[in-house]
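Asks: Before anything else, here's the structure in question.
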Amino acid sequence: MSNTARQDAAVADKAILANSAYADGRHLAARQSIYRWQQPQYDLPGIVVEELTDTSGTVLDVGCGNGKFVSRLHKDRPDLQVVGMDISAGILADVPKPVLVADAQALPFADNSVDAVLALHMLYHVGDIAATIEELARVLRPGGVLIASTNSDTDKQELDQLWAGAAGDVLGIPEGPARVSLSSRFSLEKAAGYLGTAFKEIRVRKLPGTIAITDPVPVVAHLASYEAWADQCGVPFADTISRAADIVAETITSEGSFKIMCLGGILVCQL
C-alpha cells in the first residue's frame, strides 16, 4: 500500500476519528483558529443560516464536531429542530442538545424524515463517500436541501510545502514525505461529481482567501492538530513540527509574515 493510500485509509478510520482526532474539540479548534487571520473573512455559520432561510422543520448536522454550526442555528433559527450528530461522543460534550452518536453511513432516521442535512467538512472522513451521500439523500424529504463543504486541492499548499521542507530537514533529505491531507478524498474539485449521483441541483459557493500570520504559534498549532495521524506521516512528528516553527519564524523575520492561500467551498444541493 502506498503512503497516500495509507493516509487516506487513516483519515477515514473510525477508531482514530472517535478516539483520537475528535475525542474532544481541541484539534478541531486549532484547525479552525487559523482562519481568524484570513482575508476576506467569511461567516461560515452565517452562510449556512442564510442558505436555510426557506427551510423549516428538522435540520440534521452530520459530523457536527464541536457544534459551531449547531450553536449558531440554535441562536439565529430557534424555530428549527436542530440535531447534532457525530461519531465521537467526546466532542459532543458541549454541543447544544439534542445530540446523538451515530455513523454517517447508517443514519438512525427514517426515509424522508428531515428537511435539511449539513455535512460540513466531514465527507472526506467516511469510508464509502458515495454510499454516505446516498444515505444523506435517503433521509431528506422531497424539496429538502443538503449543505456540504470542503476545501480545494489547492488549499493551503504553503503548509504542504512547509511540512515537506521541515520533514526533509529532519530526515536529512531534500524533501520529506507529504503531510496527511484531510480533504483530498472529497475535495472541492471532486465533490460535485460525488454529489451529482444523488442530487440534481448543485450550487457551489467558492470562498477564496489569504492568511497572513506574523506569529508562528497558529501555524504550529494547525500542523500539530494532525497528531492523530502522526504514524502515517513517515517522519518524526514532534521534530518536524519544531523545525516547521523555525522555518515560519525565519520567514516572518525576512518577509514580515507567513502567507497561506486558502480555497474552500460550500455546495448547496437539492434532490
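Asks: Before we move on, is Gly84 without any contact (Cβ under 8 Å) to a residue 24 or more places away in the chain and in contact with a helix residue (DSSP H, G or I) (Cβ under 8 Å, 6 or more places away or on another chain)?
Replies: yes
Asks: So which residues in segment 162-172 are assigned to a helix (DSSP H, G or I) and more than 10 Å from Ile260 (Cβ to Cβ)?
Replies: Correct list: Trp163, Ala164, Gly165, Ala166, Ala167, Gly168, Asp169, Val170, Leu171.
Asks: Examine segment 136-152 for a residue that is out of contact with any strand residue (DSSP E or B) (no Cβ under 9 Å at 6 or more places or on another chain) and closer than 16 Å to Ala198 by Cβ, and state whether such a residue exists.
Replies: yes
Asks: So which residues in segment 180-212 are assigned to a loop (DSSP other than H, G, I, E, B), crowded, with 17+ Cβ neighbours inside 10 Å and not hydroxyl-bearing (Ser, Thr, Tyr), if there are any at all?
Replies: Val180, Leu182, Ala198, Phe199
Asks: If Lys190 satisfies all but one of (1) touching a Leu at 6+ places or on another chain (Cβ under 9 Å); (2) within 30 Å of Val268 (Cβ to Cβ), what's the number of the condition it fails?
Replies: So the condition that Lys190 fails would be (1).
Asks: Only one of (1) surrounded by fewer than 17 Cβ atoms within 10 Å (Cβ to Cβ); (2) assigned to a strand (DSSP E or B); (3) not hydroxyl-bearing (Ser, Thr, Tyr) is not met by Asp239, so which one is it?
Replies: (2)
Asks: Residue check: is Val101 exposed (fewer than 15 other Cβ atoms within 10 Å of the Cβ) and without any contact (Cβ under 8 Å) to a residue 60 or more places away in the chain?
Replies: yes
Asks: Give just the number: which of (1) part of a helix (DSSP H, G or I); (2) within 22 Å of Leu182 (Cβ to Cβ) does Gly46 not satisfy?
Replies: (2)
Asks: Considering only residues of segment 60-115 that are hydroxyl-bearing (Ser, Thr, Tyr) and farther than 20 Å from Ser20 by Cα, which is nearest to the chain's Cα centre (by Cα)?
Replies: The qualifying residue nearest to the chain's Cα centre (by Cα) is Ser71.
Asks: For the list (1) more than 30 Å from Arg138 (Cβ to Cβ); (2) modelled with pLDDT under 95; (3) under 20 Å from the mean Cα position of the chain (by Cα), I need the number of the one condition that Val235 fails.
Replies: (3)
Asks: Only one of Ile133, Ile173 is hydrophobic (A, V, I, L, M, F, W, C), modelled with pLDDT of 95 or more and surrounded by 20 or more Cβ atoms within 10 Å (Cβ to Cβ). Can you tell me which?
Replies: Ile133
Asks: Can you name the condition, by its number, that Ala119 falls short on among (1) in contact (Cβ under 8 Å) with a residue 40 or more places away in the chain; (2) part of a helix (DSSP H, G or I)?
Replies: With (1) in contact (Cβ under 8 Å) with a residue 40 or more places away in the chain; (2) part of a helix (DSSP H, G or I) applied to Ala119, the lone miss is (2).
Asks: For segment 1-42, which residues satisfy the criterion of being aliphatic (A, V, I, L, M) and touching a residue at least 60 places away in the same chain (Cβ under 8 Å)?
Replies: Ala10, Val11, Ala12, Ile16, Leu17, Ala18, Ala21, Ala23, Leu28, Ala30, Ile34, listed by residue number.
Asks: For the subset of segment 28-70 comprising residues that are surrounded by fewer than 20 Cβ atoms within 10 Å (Cβ to Cβ) and in contact with a Phe, Trp or Tyr (Cβ under 7 Å, 6 or more places away or on another chain), which member is nearest to Ile260 (Cα to Cα)?
Replies: For segment 28-70, the residue satisfying everything is Leu28.
Asks: Another one. I'm told Asp155 meets every condition in (1) within 17 Å of Glu51 (Cβ to Cβ); (2) crowded, with 19+ Cβ neighbours inside 10 Å; (3) touching a strand residue (DSSP E or B) at 6+ places or on another chain (Cβ under 6 Å) except one. Can you identify the failing condition by its number?
Replies: (1)
Asks: What's the total number of residues in segment 12-26 that are modelled with pLDDT of 95 or more and either of a type in the set (Ser, Thr, Tyr) or closer than 23 Å to Met261 by Cα (or both)?
Replies: Qualifying residue count, segment 12-26: 1.
Asks: Then there is this: When segment 215-237 is examined, which residues are found to be touching an Asp or Glu at 6+ places or on another chain (Cβ under 9 Å) and without any contact (Cβ under 8 Å) to a residue 24 or more places away in the chain?
Replies: Answer for segment 215-237, where residues must be touching an Asp or Glu at 6+ places or on another chain (Cβ under 9 Å) and without any contact (Cβ under 8 Å) to a residue 24 or more places away in the chain: just Phe237.
The values are calculated or read from the model by the stated rules, or taken from the named source; none is laboratory data. Note that the structure is predicted; figures quoted are calculated from it, not measured. Cβ coordinates were reconstructed from backbone atoms using ideal geometry, including for glycine residues, and neighbour counts include every protein chain displayed.
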